[in-house]
Amino acid sequence: MSCITIYSQGKTESDVISDFKKQTEQCKPKMVLFFASSKFNPDMLSKGIADLYSTSKILGCTTAGEITTGKMLKQSVVAMLFEDDVISDVHIETLENIKTENQIPQAFQSFESYFRTSMLDMDINKYVGIILVDGLSASEEKIMEKIGDLTDITFIGGSAGDDLQFKETHVFANGKAYTNAAVLALIKPTVGYDLIKTQSFKVLDKPALVANIVDEPNRVVMEFNHRPAVDVYAELLNSSITEADTHFMTHPVGLMINNEPYVRSPRQVQGTHLAFYCNIRQGMELQLLESTNIITDTRQAIEQKRKEIGNIRALINFHCILRTLELENKGQTDAYGDVFKDVPTIGFSTYGEEYIGHINQTSTMLIFK
């Protein structure tokens, strides 16, 4: 066994632990990654999984839906167990009080001490990071910026969910549950790794939207192109202002980098302003996007990666809740799960994705070759 994916739809934390124990009786994994519906008690579940895999490094978070090989689930717990022929070593650090404190330097010092290598000197082909963040903290951008300032190692991941209650999300590390926190895992794979960023949008032939006046901490754009933000957005879509929010899911905006959109999705009309799920900086130039086919685009992304690297040994999918909602609206959740039926997969529906920065309506995937 290189890595194994398991899941439980048990009603209680002890049901889940019992299910996992039956499925992995002989396993002593190097690392356990798990994603759990927020219906479970976070402290009890985290401690139970840590007790079950007491010799393993463990991390995870709460979700807005779970993904496992061939399936999209809800109200479940999914896990992936990695043995040392996939991951040779891993070290986990927790950042607490992320709304007000920057603990990344201390975490990075711990990584350097553990791996005996400077974060600036680490070979980006031999190390990769996973990041899981409290999805209601609105702290993802600043964390990703601080990480980018201190290392070239890629940290990829997602923002924890709570089944669309928007009350409290949790991240897990080695038997404990945290809010207002992020968990970082620095991994040294035994095998090679690769990344996929896929979104299902095309760029529309419309004038750019330049964010002139922005409340960055609250992710609100007041003006695009020196006019009220909602007016400009609605006008480009030939929509009335009162119906602007009906276009949010199918027509977000994208920051274009090397002809690739990094999606920022509108969340809410606030008077004449637009609130977003991701930060938009003052002066940022964005393009209006239009949704395409998630199933087709994802299948093509996986097949293209297979052509490049050969067999995929394991895949971790950080999949935006807005994509999940679109799939549900179109009755395509089974078809999406089917895309991953031949690949050992774990993932969850996120409140945003981490890759270089903080984005959404995207799937960011970590692949082990």
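Each of I187, N238, V269 was placed along the dipole of the chain (beta-carbon charges, centred on the mean Cα), and the one lying farthest toward the positive end is I187. Phi angles of region 277-283 translate, via the Karplus equation with coefficients 6.51, -1.76, 1.60 and θ = phi - 60°, into HN-Hα couplings of 7, 10, 5, 10, 7, 4, x Hz per residue; Gly and Pro are given as x.
For the chain, a crude dipole built from +1 on the beta carbon of Lys and Arg and -1 on the beta carbon of Asp and Glu, taken about the Cα centre, is about 680 debye to the nearest 20. Per residue, region 237-327 exposes an accessible area of 44 Å² to a 1.4 Å probe, with every protein chain left in place.
Shape class of region 182-272 from the alpha-carbon gyration tensor: prolate, with a/c at 1.5 or above and a/b greater than b/c. Have a look at P189, P207, P228 and tell me which one the Gaussian network model of the chain (Cα, springs below 10 Å) gives the largest fluctuation. Between P189, P207, P228, it is P207 that shows the largest mean-square fluctuation.
Dipole magnitude for region 15-156: about 500 debye, using +1 per Lys or Arg Cβ and -1 per Asp or Glu Cβ, origin at the Cα centre. Protection proxy ranking, highest mean first, for peptides 322-331, 255-264: 322-331, 255-264, where packing is the per-residue count of other beta-carbon atoms within 10 Å, averaged. A dipole drawn for the chain from +1 and -1 charges on Cβ atoms has a positive end, and of G135, G357, V32 the residue lying farthest that way is V32. Annotation: amide H-H contacts under 5 Å for Y193 (H modelled 1.01 Å from N, sequence separation of 5 or more, or interchain): K369.
Let me know the shape class of the chain, please: from the alpha-carbon gyration tensor, a ≥ b ≥ c as square roots of the eigenvalues, rounded when a/c is under 1.5, otherwise prolate if a/b is greater than b/c, or oblate. It is prolate, given that a/c is not under 1.5 and a/b is the larger ratio. Positive contributions from Lys and Arg (+1) and negative ones from Asp and Glu (-1), summed over other residues with Cβ under 13 Å from the Cβ of I257, come out at 0.
Using the Karplus relation 6.51 cos²θ - 1.76 cosθ + 1.60 with θ = phi - 60°, the per-residue 3J(HN,Hα) values for region 199-204 come to 9, 10, 9, 10, 7, 7 Hz, with x marking Gly and Pro. Largest mean-square fluctuation among T190, T63, T100, in a Gaussian network model of the chain whose springs join Cα atoms under 10 Å apart, belongs to T100. Scanning residues 5 or more positions from L286 or on other chains, those with amide H under 5 Å from its amide H are L209, V210, A211, with H placed 1.01 Å from N in the peptide plane.
For region 122-215, just say rounded, prolate or oblate: build the C-alpha gyration tensor, square-root its eigenvalues into a ≥ b ≥ c, call rounded for a/c under 1.5, and beyond that prolate if a/b exceeds b/c, oblate if not. Here region 122-215 falls in the oblate category.
The alpha-carbon of K11 sits under 18 angstrom from the alpha-carbons of these lysines, leaving out residues fewer than 8 places away in its chain: K21, K22, K39, K47, K74.
Taking every pair of alpha-carbon atoms in region 235-306, give the share separated by more than 15 Å as a whole percent.
Of all Cα-Cα pairs in region 235-306, 63 percent lie more than 15 Å apart.
Here K188 is the anchor, and the aspartates and glutamates within straight C-alpha reach of less than 16 Å, apart from those fewer than 8 places off in the same chain, are E83, D84, D85, D89, E93, E112, D121, D123, D152.
Restriction of the chymotrypsin sites (Phe, Trp or Tyr not before Pro) in region 305-369 to DSSP coil positions whose beta-carbon has at most 14 other beta-carbons within 10 angstrom yields no sites.
The values are calculated or read from the model by the stated rules, or taken from the named source; none is laboratory data. Since we're looking at a predicted model, the values are computed, not measured. In this analysis, Cβ positions are derived from the backbone assuming ideal geometry, glycine residues included, and neighbour counts consider all displayed protein chains. Areas reflect the complete protein model, heavy atoms only, side chains present, ligands, DNA and RNA absent. Shrake-Rupley method; radii C 1.70, N 1.55, O 1.52, S 1.80 Å.
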